[in-house]
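Enquirer: Here's a structure for you.
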Amino acid sequence: MKRIISSLCICISLFSFVACKDKRNTKSEKKLTLTMAEPNPGDSISAWIDNAFIEKVAELSHGTIEIQLHTNGILGDNTSVMEVMTKPRSEIHLARIAPAAIAKYNCEKHELLDIPFTFVNREHFWKFASSQFAQAILNEPYEMKIGVKGLFFAEEGFRHFFSTKELESIADFKGKKMRNAGSAIMNDLAISLKCEPVSVPYSELYAALQTGVIDIAEQPIANYFANHLNKIAPYMLLDGHQLGVTEVVISSELWDKLTKEQQKIMQKAAQYAGEYCNKVSQEAENKSRLTLRTEGVTFREVKDIKEWRTACADVIHGAAKKNFELYAEIEKLAK
């Protein structure tokens, strides 16, 4: 009888231990559901990059971290999303943001990524993206305690000017109304090209071109295509004045609450998404360009890029002087 009771006690103890262990594991692996904002459509290269990141997070976390992506600017444009994310208890946890929108929060290092003709080609950018200099810029908003932390950089292709009327040279910009998304550098660039800068939110870009509020805007080719901007502005001048650098950020408040393991998952997924972007960006641009030609878009190549650099010289020097040493290091990576 004593043996039976003893065996029963051992079984109960083992069951209790396993139950407690399972309970602890369940608690530690509690599902985390996060919200991510994307201003572009779901079939854009930006959303592809977002989804690559999201899927890798789900894989590495074994499904315990779910990120729900909201595309088409449903949660707002860059400016409004940043306003939400920089406040406590933000309901937007992650977002793809243009560096210029972060620069508005006195993040002067971020301004360097908005300077015209910084990156000479994609290879130059990807050298930068994997460098210590990129990490210094990603960490800037977190260190300044503005409410977000940069996870990784990506790119959407070089940005080009497009218009409702044909563009062939710098002379065609004089007196035109150019869209400015709120960037101080782009405002100065418009003035240097003798344009009138007009502030237009991204969500209103199509309508602004259609109604004549603006004559000229600029986007990477893949985004221009994904947003159907060619339907109203079918003339593009391939000047490549900027690379469409983009950044995925996470709420600082959320980041600080994540476990070390969860932070590592985010970082590994970030690295994967950046590598994915490097593989698909050029291909997406090439396919978009071919389709746009069949839809009647007129592309004009810039014959002498030196003329454009000269026109933008004051803008470049003025924007770089605050962080001249860092900017010089980024330029050196092109060699």
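The values are calculated or read from the model by the stated rules, or taken from the named source; none is laboratory data. Predicted model only: the values in this text are computed from it and were never measured. Glycine also receives a Cβ, built like all others from the backbone with ideal geometry; neighbour counts cover every protein chain displayed. Side chains are part of the model used for accessible areas, which takes the heavy atoms of the whole protein and leaves out ligands, DNA and RNA. Shrake-Rupley method; radii C 1.70, N 1.55, O 1.52, S 1.80 Å.
Enquirer: Per DSSP helix of 4 or more residues, -39500 (n - 2.57); summed, then divided by the residues of the chain. What does that give at 222 nm, rounded to the nearest 500?
Expert: On the way: 15 runs with 167 residues, N = 335.
Calculated at 222 nm, the ellipticity per residue is -15000 deg cm²/dmol.
Enquirer: Have a look at Leu151, Leu290, Leu209 and tell me which one the Gaussian network model of the chain (Cα, springs below 10 Å) gives the largest fluctuation.
Expert: Of the options given, Leu290 has the highest mean-square fluctuation.
Enquirer: Would you mind classifying segment 26-81 by shape? Square roots of the alpha carbon gyration tensor eigenvalues, ordered a ≥ b ≥ c; an a/c under 1.5 is rounded, otherwise it is prolate if a/b is larger than b/c and oblate if not.
Expert: oblate
Enquirer: Through the Karplus equation 6.51 cos²θ - 1.76 cosθ + 1.60, θ set to phi - 60°, convert the phi angles of segment 103-110 into ³J(HN,Hα) values in whole Hz; use x for Gly and Pro.
Expert: With the stated coefficients, segment 103-110 comes to 4, 4, 8, 6, 8, 5, 5, 5 Hz.
Enquirer: Separate question: Take the chain, connect every pair of alpha-carbon atoms lying under 10 Å apart with a spring to form a Gaussian network, then pick out the residue of Gln135, Gln242, Gln219 with the largest mean-square fluctuation.
Expert: Largest GNM mean-square fluctuation: Gln135.
Enquirer: Under a GNM of the chain (C-alpha, springs under 10 Å), which listed residue has the highest mean-square fluctuation: Ala273, Ala313, Ala181?
Expert: Residue with maximal mean-square fluctuation among Ala273, Ala313, Ala181: Ala313.
Enquirer: Right, something else. Per the 1.4 Å probe, what fraction of the accessible area of the chain, in percent, lies on carbon and sulfur atoms?
Expert: Values: 8930 of 16980 Å².
C and S atoms contribute 53 percent here.
Enquirer: Same structure, new question: Please report the antiparallel percentage of DSSP beta bridges with both residues in the chain, rounded to the nearest 5.
Expert: Working: 21 of 38 bridges.
About 55 percent, rounded to the nearest 5.
Enquirer: Loop only per DSSP, at most 12 neighbouring Cβ atoms within 10 Å: give me the trypsin sites (Lys or Arg not before Pro) in segment 225-313, ordered by residue number. Don't skip to the answer; put the middle values down first.
Expert: On the way: sites: Lys231, Lys257, Lys260, Lys264, Lys268, Lys279, Lys287, Arg289, Arg293, Arg300, Lys303, Lys306, Arg309; in loops: Lys303.
Here the trypsin sites (Lys or Arg not before Pro) that fit, given the DSSP loop and packing criteria, are Lys303.
Enquirer: To continue, here is another question. In terms of modelled amide H atoms, which long-range or inter-chain residues lie less than 5 Å from the amide H of Thr35?
Expert: When sequence neighbours closer than 5 places are left aside, the close amide H contacts are Gln68, His93, Leu94.
Enquirer: Can you give me the long-range amide H partners of Asp239? Hydrogens built in the peptide plane at 1.01 Å from N, cutoff under 5 Å, separation of 5 or more residues or another chain.
Expert: Here the answer is Phe161, since their amide H atoms fall under 5 Å of that of Asp239.
Enquirer: While we're here: Could you rank the peptides 172-178, 316-322 by their average count of other C-beta atoms within 10 Å per residue, with the highest value first?
Expert: On the way: 172-178: 17.0, 316-322: 15.4.
Final packing ranking: 172-178, 316-322.
Enquirer: Let me make sure I get this right: for segment 68-109, a, b and c are the square roots of the gyration tensor eigenvalues over alpha carbons, sorted descending. Under 1.5 in a/c it's rounded, otherwise prolate if a/b > b/c, else oblate. Which is it? Intermediate values should be presented prior to the final figure.
Expert: Numbers: a/c = 2.30, a/b = 1.46, b/c = 1.57.
Oblate, since a/c reaches 1.5 and b/c is not below a/b.
Enquirer: Quick one: if you stick a label point 7 Å off each Cα along the C-beta vector at Lys194 and Arg122, how many nm between them?
Expert: Between Lys194 and Arg122, the simple spin-label model gives 3.5 nm.
Enquirer: Just how large is the dipole of the chain about the Cα centre, in debye to the nearest 20, putting +1 at every Lys and Arg Cβ and -1 at every Asp and Glu Cβ? Don't skip to the end; give the middle numbers.
Expert: Working: 42 positive and 43 negative charges, 290 e Å.
Dipole of the chain, to the nearest 20 debye: 1400 debye.
Enquirer: Looking at Leu290, Ala313, Gly147, which one has the Cα that reaches farthest to the positive end of the dipole of the chain (charges on Cβ: Lys, Arg +1; Asp, Glu -1)?
Expert: The listed residue farthest towards the positive side: Gly147.
Enquirer: Out of residues 5 or more away from Val148 or on other chains, whose amide H comes under 5 Å of its own, with H placed 1.01 Å from N in the peptide plane?
Expert: Ser252
Enquirer: Is segment 54-138 rounded, prolate or oblate when judged by the Cα gyration tensor, a ≥ b ≥ c being the square roots of its eigenvalues, rounded requiring a/c under 1.5 and prolate requiring a/b larger than b/c? Display every interim value, and only then the final one.
Expert: Details: a/c = 2.08, a/b = 1.31, b/c = 1.59.
Oblate shape, in that a/c is at least 1.5 and b/c is the bigger or equal ratio.
Enquirer: Read phi for every residue in segment 184-195 and hand back ³J(HN,Hα) as whole Hz from Karplus 6.51 cos²θ - 1.76 cosθ + 1.60, θ = phi - 60°, with x for Gly and Pro.
Expert: These are the phi-based 3J(HN,Hα) values: 5, 5, 5, 5, 5, 5, 4, 5, 5, 8, 6, 9 Hz.
Enquirer: Show me, for segment 49-61, the HN-Hα J-couplings you get by feeding each phi into the Karplus relation (A = 6.51, B = -1.76, C = 1.60, θ = phi - 60°), rounded to Hz, glycine and proline as x.
Expert: Result, rounded to whole Hz: 5, 4, 5, 4, 5, 4, 5, 5, 4, 4, 5, 5, 8.
Enquirer: Could you pull out the trypsin sites (Lys or Arg not before Pro) across segment 25-91 that fall in loop regions by DSSP (anything but H, G, I, E, B) with no more than 12 other Cβ atoms inside 10 Å? Numbers along the way, then the final one.
Expert: Numbers: sites: Lys27, Lys30, Lys31, Lys56, Arg89; in loops: Lys30, Lys31, Arg89.
Filter output for segment 25-91: Lys30, Lys31, Arg89.
Enquirer: Note the angle between two axes, namely the Cα long axis of helix 132-143 and the longest principal axis of the Cα atoms of the chain, as a number of degrees from 0 to 90, rounded to the nearest 10.
Expert: So the helix axis and the longest Cα principal axis differ by about 70 degrees.
Enquirer: Moving on to the next point. On each of the three principal axes of the Cα atoms of segment 86-227, give max minus min coordinate, whole Å, ordered largest first.
Expert: 43, 36, 28
Enquirer: Now for a different question. Taking the Cα atoms of the chain alone, what are Rg (to one decimal) and Dmax (as a whole number) in Å?
Expert: 24.0, 103
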